[in-house]
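The values are calculated or read from the model by the stated rules, or taken from the named source; none is laboratory data. Since this is a predicted model, take the numbers as computed values, not measurements. Backbone-built Cβ (ideal geometry, glycine too); neighbour counts: all protein chains shown.
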Amino acid sequence: MNEHELPLLPPQVELESIAVLKQLARANRALAELKGYSDTIPNKHILLNAVMINEAKDSSAIENIITTHNDLYKAMSEASGASPAAKEVVNYRTALWRGYELVKDHDMLTTNMVIEMQGILEKNEAGIRKLPGTVLRNETTGETIYTPPAGETLLRALLHNLEQYMNETEDAVDPLIKLAVIHYQFESIHPFYDGNGRTGRIINVLYLVMKGLLDSPILYLSRYIIRNKSAYYRHLQSVRIHQEWEDWIIYMLAGVEETAKESLVLVKKINAELERMREEIRERLPKLYSMELVDLLFYEFYTKITYIEKGLSVTRKTAANYLSTLEKEGFLVSEKVGKERIYQNKRLYDLVKNDI
Ligand SMILES: Nc1ncnc2c1ncn2[C@@H]1O[C@H](COP(=O)(O)OP(=O)(O)OP(=O)(O)O)[C@@H](O)[C@H]1O
Ligand SMILES: [Mg+2]
């Protein structure tokens, strides 16, 4: 076969081998547990930002965009002086949020949504590749590993086929197996000049949301990929060269299982911390306490006077007062960044940061 020819979906092979089905059951079980738990949390969206920042950080690290939590937190607070890497990670999370909104609203995952997310991620409007010349190379040897299809018409046709496969109402195989197929296909189409890996990893979680396997993009799957990065590249290549789907699918299913379990542990920890702080603030600062206030403290690693002012509809003075009281009582640690003072929720910050 000409190496530019990428077969359309669905793959013309039996994907549901016994080994695949065994791993599938485990992955589904772990995922159901994560979903079940997060369904019981009243304000689960509050916990999302924290989990998503780790996912964004690790997914970006696969592309060697390395940053620290400290830098990230500056970038998130829009302070000047944040590193370019941290800004990219924040863009990643913005793209993920946007995609989540779109999938929730439309119950579909379309090519246009994917293009929009990649635009947010890369902060440019280049869209689908128009010029030839994109090749995937081995990072160390420089040798060409794969030449993806070229030409906008062909890329659009392949994306259209992928879109149909993703949005089928009657799935011939389990959605988790399809997840592996979709990720392979998307990476092989490689529709953009850059950001294909990250966009593809955003699609992974959004697909799970669309299929109702998760209620929010809370799965921390990129961490597994970064831990098993050489296997990731190797499997993608074996599917291409040897149609070795089984190992690839098992690799991805094992990733879903492993990270569903880990994400559950993290979400539980954050939730427990939130409850603990709720209790403490209620007891020690009853006049200031409200559920909404504590929620706001967990929305990000940090907060600002304006967030409290808007979030609680109080005056700036009251908001400033709340935050300085909370700092005095040891709940927050403030820092002057640029012109603004930002208040870090150190317990949340440490928890998320140490979750490596
Ligand atoms: N042999 C291969 N076949 C198909 N896709 C591959 C292969 N090798 C790598 N890829 C995909 O290409 C991605 C890299 O593409 P690109 O640089 O456009 O994305 P990125 O998001 O900028 O980078 P990264 O994925 O490294 O974070 C890899 O993450 C992987 O998903
Ligand atoms: Mg890249």
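Scan segment 84-101 and give yes if some residue there is at pLDDT 80 or above, small (Gly, Ala, Ser), more than 22 Å from HIS190 (Cα to Cα) and touching a Lys or Arg at 6+ places or on another chain (Cβ under 8 Å), otherwise no.
Yes; the residues of segment 84-101 include at least one that is at pLDDT 80 or above, small (Gly, Ala, Ser), more than 22 Å from HIS190 (Cα to Cα) and touching a Lys or Arg at 6+ places or on another chain (Cβ under 8 Å).
Across segment 203-222, what is the number of residues that are in contact with a Pro (Cβ under 8 Å, 6 or more places away or on another chain) and within 16 Å of ligand 1 (Cβ to nearest atom)?
Residues in segment 203-222 being in contact with a Pro (Cβ under 8 Å, 6 or more places away or on another chain) and within 16 Å of ligand 1 (Cβ to nearest atom): 3 in total.
Name the residue that is surrounded by the most Cβ atoms within 10 Å (Cβ to Cβ), counting only residues in segment 295-314 that are part of a loop (DSSP other than H, G, I, E, B) and under 27 Å from the mean Cα position of the chain (by Cα).
Selected residue: PHE301.
Look at ARG282 and say whether it is under 28 Å from the mean Cα position of the chain (by Cα), part of a helix (DSSP H, G or I) and of a type in the set (Lys, Arg).
Considered against the rule, which asks whether it is under 28 Å from the mean Cα position of the chain (by Cα), part of a helix (DSSP H, G or I) and of a type in the set (Lys, Arg), ARG282 comes out as no.
State whether the residues of segment 68-76 include one that is within 22 Å of LEU206 (Cβ to Cβ) and of a type in the set (Phe, Trp, Tyr).
No: zero hits.
Of the conditions (1) surrounded by fewer than 21 Cβ atoms within 10 Å (Cβ to Cβ); (2) more than 23 Å from GLN12 (Cα to Cα); (3) among the β-branched types (Val, Ile, Thr), VAL173 clears all except one; give me its number.
Status for VAL173: all satisfied but (2).
Please determine, by comparing only the residues of segment 174-209 that are within 16 Å of ligand 2 (Cβ to nearest atom) and small (Gly, Ala, Ser), which one is nearest to ILE128 (Cα to Cα).
Within segment 174-209, the match that is nearest to ILE128 (Cα to Cα) is GLY195.
Could you run through segment 31-70 and say how many residues are within 16 Å of ligand 2 (Cβ to nearest atom), modelled with pLDDT under 80 and surrounded by 19 or more Cβ atoms within 10 Å (Cβ to Cβ)?
The total comes to 2.
Looking only at residues that are among the hydrophobic types (A, V, I, L, M, F, W, C) and within 16 Å of ligand 1 (Cβ to nearest atom) in segment 53-79, which one is farthest from GLY338 (Cα to Cα)?
Of everything passing the filter in segment 53-79, ILE62 is farthest from GLY338 (Cα to Cα).
Any residue at all in segment 323-333 that's more than 28 Å from the chain's Cα centre (by Cα), of a type in the set (S, T, N, Q), more than 30 Å from LYS35 (Cα to Cα) and assigned to a helix (DSSP H, G or I)?
For segment 323-333, residues more than 28 Å from the chain's Cα centre (by Cα), of a type in the set (S, T, N, Q), more than 30 Å from LYS35 (Cα to Cα) and assigned to a helix (DSSP H, G or I): present.
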